[in-house]
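A short worksheet on the structure shown next.
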Amino acid sequence: MDFLRPASWEEALAAKAEHPTAVPIAGGTDVMVEINFDHRRPEYLLDLNRVADLTEWEVGEDTVRLGASVPYTKIMENLRAELPGLALASHTVASPQIRNRGGVGGNLGTASPAGDAHPALLAAGAEVEVESVRGTRLIPIDAFYTGVKRNALAADELIKSVHIKKADGPQQYSKVGTRNAMVIAVCAFGLALHPETRTVRTGIGSAAPTPVRAKAAEEFLNAALEEGGFWDNGKIITPSVAKQFAELCSGACNPIDDVRGTASYRRHAVGVMARRTLTWTWESYRGARRHTEGAA
Amino acid sequence: MRVNFTVNGRPQEADDVWEGESLLYVLRERLGLPGSKNACEQGECGSCTVRLDGVPVCSCLVAAGQVEGRDVVTVEGLADYAKARSCGTSCGTSLDEAKGWQARGTDSQTGEGTELAPIQQAFIDAGAVQCGFCTPGLLVAADEMLEHNPNPTDADIREALSGNLCRCTGYEKIMDAVRLAAARQGEAV
């Protein structure tokens, strides 16, 4: 095994081009487990800890450009206002020790359907900035996950950052596990309200071969909210609408039975999380509306 | 490969390090510092917790090559680290001192006669050590929390220690120990 230690992003890209089989390591919370357990013996380890750009973030007008190695702890501490869904998701990652090392780039690189960040990224809307010596491209998050632990990266590409849409409304994240720390999600759900475009977006984790959106549920809810004038009148969501939304979210799942849970439990739990997160986000939207109206 | 880094305030050099080796292995097997414990090797149990540039991490998940030029504090250096924090000096712990470190002194039950970090003394006084395997990781994690949160709520303590498993105590005495250390820290100021 060779340990490659590029001091800059350019050097990292050159190293990846020269050794396409090199396994990038940043927080190490996935890669080191595989090495410790002898599940993987990469020919080259490509250490990204010395590439300072990867640990930086930038809050722009519409998006946050989040460096691939920004640890979850920093997201929780610094980006809760701009990325509330991802901040909540980050807080459910493992333990403080793991959150101090792991970041969204690793979640995307591993592309496990159980990665905690995915539902939040899908719900908020994001693009993954990847680069190689050949150039840069932005991959829409919906096109990034291509299979179980597979993503749209080419062999010579590295994940540089994620461009995540800044929240324009309430966001929620919910995860089912056996306790509040150190759990791989049995299943997870992210929901974002986008009042500016009068749309909602969802993200489901651990309940299909890849992280997925519940598109039929989104379309149903978009239409129901529009039809009932909910965005303007700020009424509470009709229970039948919430119920139908939850059922459509369950229907978007394509889960398996495994040690963490059965397929039917996952479908059920995603429905429950969908209904709850809809209630939480909508109540928060109504509260914010009342507040603005009161001030006017 | 060779790895140069700072351990407990002193520069160290580890030779013949395998590229896939963890920081934990280097500390235990190459530098002779067995305080950080090796249990799950997958970041679940927290018994290998050390400070890397001040930040608590599982040393089993840090590749040795990643610590080149960086700063590590292990449980063996915790007493000096805490002392330096309170008096503002930084003298470090030599490798031999660290290797020879024992929580013994004149009385192993009370910690009397030896230099302990306040969190270590609190663990002894509260009876938070049973088999002791998880203790080093808990000490490093708890000490770091008290450094930036001197008045933690019970929820804060539970969250800060949520990455450290203990199979003996049921955590109650550990909670007591951290509360005790926080209270003593408050009195001292």
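Observations on the structure shown:
- Test: residue in the stretch A:187-203 that is in a loop (DSSP other than H, G, I, E, B) and within 14 Å of chain B (Cβ to nearest Cβ): no
- Condition check for residue B:62: crowded, with 24+ Cβ neighbours inside 10 Å, in contact (Cβ under 8 Å) with a residue 24 or more places away in the chain and farther than 25 Å from residue B:168 by Cβ: yes
- Residue among A:289, A:275, A:267 that alone is modelled with pLDDT of 95 or more and either under 21 Å from residue A:145 (Cα atoms) or over 26 Å from the mean Cα position of the chain (by Cα) (or both): A:267
- Lone unmet requirement of (1) touching a residue at least 60 places away in the same chain (Cβ under 8 Å); (2) within 9 Å of chain A (Cβ to nearest Cβ) for residue B:8: (2)
- Taken residue by residue, the stretch A:218-227 has no member that is crowded, with 16+ Cβ neighbours inside 10 Å, of a type outside the set (D, E, K, R) and outside any helix (DSSP H, G or I).
- Test: residue in the stretch A:160-179 that is hydroxyl-bearing (Ser, Thr, Tyr) and not in a strand (DSSP E or B): yes
- Among the conditions (1) more than 14 Å from chain B (Cβ to nearest Cβ); (2) not in a strand (DSSP E or B), the only one that residue A:127 does not satisfy is (2).
- Verdict on residue A:103 being closer than 20 Å to residue A:130 by Cβ, within 14 Å of the chain's Cα centre (by Cα), not acidic (Asp, Glu) and not assigned by TED's automatic domain parsing to the domain that holds residue A:202: yes
- The listed residue being within 14 Å of another protein chain (Cβ to nearest Cβ) and either among the charged types (D, E, K, R) or closer than 22 Å to residue A:95 by Cα (or both), out of B:65, B:46, B:69: B:46
- Filter result for residue A:114 (within 14 Å of chain B (Cβ to nearest Cβ) and in a loop (DSSP other than H, G, I, E, B)): no
- Within the stretch A:1-16, residues that are under 20 Å from residue B:18 (Cα atoms) and more than 11 Å from chain B (Cβ to nearest Cβ) sit with their Cβ atoms under 9 Å from residues that are modelled with pLDDT of 95 or more and assigned to a helix (DSSP H, G or I), at 6+ positions apart or across chains, in these pairs: A:6/A:12; A:6/A:13; A:6/A:14; A:6/A:15; A:6/A:16.
The values are calculated or read from the model by the stated rules, or taken from the named source; none is laboratory data. Everything quoted here is computed from the prediction, not taken from an experiment. Quick reminder, even Gly has a Cβ in these numbers, built from the backbone with ideal geometry, and neighbours come from all protein chains shown.
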